[in-house]
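The values are calculated or read from the model by the stated rules, or taken from the named source; none is laboratory data. Fair warning: this is a prediction, and the values are worked out from it, not measured in the lab. Here the Cβ is made from the backbone with ideal geometry for all residues, glycine too, and neighbour counts use every protein chain on show. Side chains included, ligands, DNA and RNA excluded: accessible areas come from the protein's heavy atoms. Shrake-Rupley method; radii C 1.70, N 1.55, O 1.52, S 1.80 Å.
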Amino acid sequence: MGTNDIDPQAIRTVTIAGDPGDTRRIVRRLVATGSGTAAALRWHEHTMHLTELSTRAPIAHVERAIRVADGLIVLAGAADADPRLETVLRVADDHQVARLCLVTDLAHPAADFGRALRVITAARGAVPVPVQIPVGVGPGFLGIVDLVTMWSRAPLESEFFGGRWELARRWYRGLVAAVSDAPEAGVPDDLPDRIRARTLVGEVVPVLCDAAPRSADLAALLDAVVRYLPSPMQVCQPEHVLDY
């Protein structure tokens, strides 16, 4: 392989669906977190191609864009639910498009993380599995806990988050149960692999949290794209051929 060649397994082609103002802001922050442009964003050894999809577009356009997507990031507001959110998730499920959800606006006075999860749950198909949870919402929003990596930072984060750490432990146990074939105790070493395997076959939708305005960094979202969404080599959709 030449020095300028890119391993197809290191490519992620991702469509970001939501209100156009929200998708624009997320793309700008993703580019600022990584390097390059939305058309060729570099993140460690991976290259990502980002496309925005407005949920305000005609439904036929939304359906076609999702149908030919390799992977999808769906923006879900914690304060105001996008009326097209459930439709987007159902279309993705119909066409077996692997997806992540990013819950935004957690610092909004009307934010409700549980309500956002219920909206995602209402769409038939894949089960939402939070891989991050907020610490507080609304004016009390302090940040997020990454459930997948929480044990590597347990002493520091348990001290910082105090009594909320036990809540994170309960969410963690729920995550493990959702991607395990049988009940188990402890911290599985292959948790990201389990989440990825079930995401690729449409059984689960990993749910992440946007830390803004506490932090504009979206490294965790870029990591999730690499961990859980497919490369073009892992996507098999006849619709791609028919639409081009």
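Do we have L147 as modelled with pLDDT under 90 and surrounded by 13 or more Cβ atoms within 10 Å (Cβ to Cβ) here?
no
Here is a check on your reading of the model: is R90 free of Cβ contacts under 8 Å to residues at least 60 places away in the same chain and of a type in the set (K, R)? Steps first, please.
Working: free of Cβ contacts under 8 Å to residues at least 60 places away in the same chain: yes; of a type in the set (K, R): yes.
Yes: the conditions hold for R90.
Taking the stretch 95-121, which residues are more than 21 Å from R170 (Cα to Cα), of a type in the set (D, E, K, R) and not in a loop (DSSP other than H, G, I, E, B)?
If the condition is that a residue be more than 21 Å from R170 (Cα to Cα), of a type in the set (D, E, K, R) and not in a loop (DSSP other than H, G, I, E, B), then R99 is the only one that fits.
What about A76, is it within 19 Å of G202 (Cβ to Cβ), within 18 Å of the chain's Cα centre (by Cα) and either of a type in the set (S, T, Y) or part of a helix (DSSP H, G or I) (or both)? Please lay out each step first, then the result.
Details: within 19 Å of G202 (Cβ to Cβ): yes; within 18 Å of the chain's Cα centre (by Cα): yes; either of a type in the set (S, T, Y) or part of a helix (DSSP H, G or I) (or both): no.
No: the conditions fail for A76.
In the stretch 122-144, which residue that is open to solvent by less than 20 Å² (accessible area, probe 1.4 Å) and of a type in the set (A, V, I, L, M, F, W, C) is farthest from R169 (Cα to Cα)?
A123
Does the stretch 180-196 hold any residues that are farther than 30 Å from G136 by Cβ and either among the aliphatic types (A, V, I, L, M) or open to solvent by less than 30 Å² (accessible area, probe 1.4 Å) (or both), and which are they?
A182
Pairs under 6 Å by beta carbon, first residue over 12 Å from T87 (Cβ atoms) in the stretch 54-68, partner part of a loop (DSSP other than H, G, I, E, B), six or more apart or different chains?
Note: pairs meeting the criteria are R67/H95; V68/D243.
Run down T33, T23 and say which single residue is open to solvent by 10 Å² or more (accessible area, probe 1.4 Å) and among the hydroxyl-bearing types (S, T, Y).
Numbers: T23 fails: open to solvent by 10 Å² or more (accessible area, probe 1.4 Å).
Answer to the selection: T33.
Which of the numbered conditions does V88 fail, given that it passes all the others? Conditions: (1) closer than 22 Å to A216 by Cα; (2) crowded, with 20+ Cβ neighbours inside 10 Å; (3) of a type outside the set (K, R).
Tallying (1) closer than 22 Å to A216 by Cα; (2) crowded, with 20+ Cβ neighbours inside 10 Å; (3) of a type outside the set (K, R), V88 fails exactly one: (1).
Criterion first (closer than 26 Å to S231 by Cβ and either surrounded by 19 or more Cβ atoms within 10 Å (Cβ to Cβ) or in contact with a Ser or Thr (Cβ under 9 Å, 6 or more places away or on another chain) (or both)) does H95 satisfy it?
Numbers: closer than 26 Å to S231 by Cβ: yes; either surrounded by 19 or more Cβ atoms within 10 Å (Cβ to Cβ) or in contact with a Ser or Thr (Cβ under 9 Å, 6 or more places away or on another chain) (or both): no.
Criteria not met by H95.
Quick check on my filter: what residues within the stretch 197-225 are among the charged types (D, E, K, R), farther than 20 Å from S152 by Cα and crowded, with 17+ Cβ neighbours inside 10 Å?
Passing the criteria: R198, D210.
Hey, any hits in the stretch 189-203 for a residue that's modelled with pLDDT under 90 and over 30 Å from H61 (Cβ atoms)?
Yes, that holds for at least one residue.
Being among the charged types (D, E, K, R), within 22 Å of G114 (Cα to Cα) and part of a loop (DSSP other than H, G, I, E, B) is the requirement here; does D22 meet it? Don't jump to the end; show me each part of the working.
Working: among the charged types (D, E, K, R): yes; within 22 Å of G114 (Cα to Cα): yes; part of a loop (DSSP other than H, G, I, E, B): no.
No; evaluated as a whole, the condition is false for this residue.
Out of the residues in the stretch 55-84 that are within 14 Å of L117 (Cα to Cα) and modelled with pLDDT under 90, which is surrounded by the most Cβ atoms within 10 Å (Cβ to Cβ)?
That would be D82.
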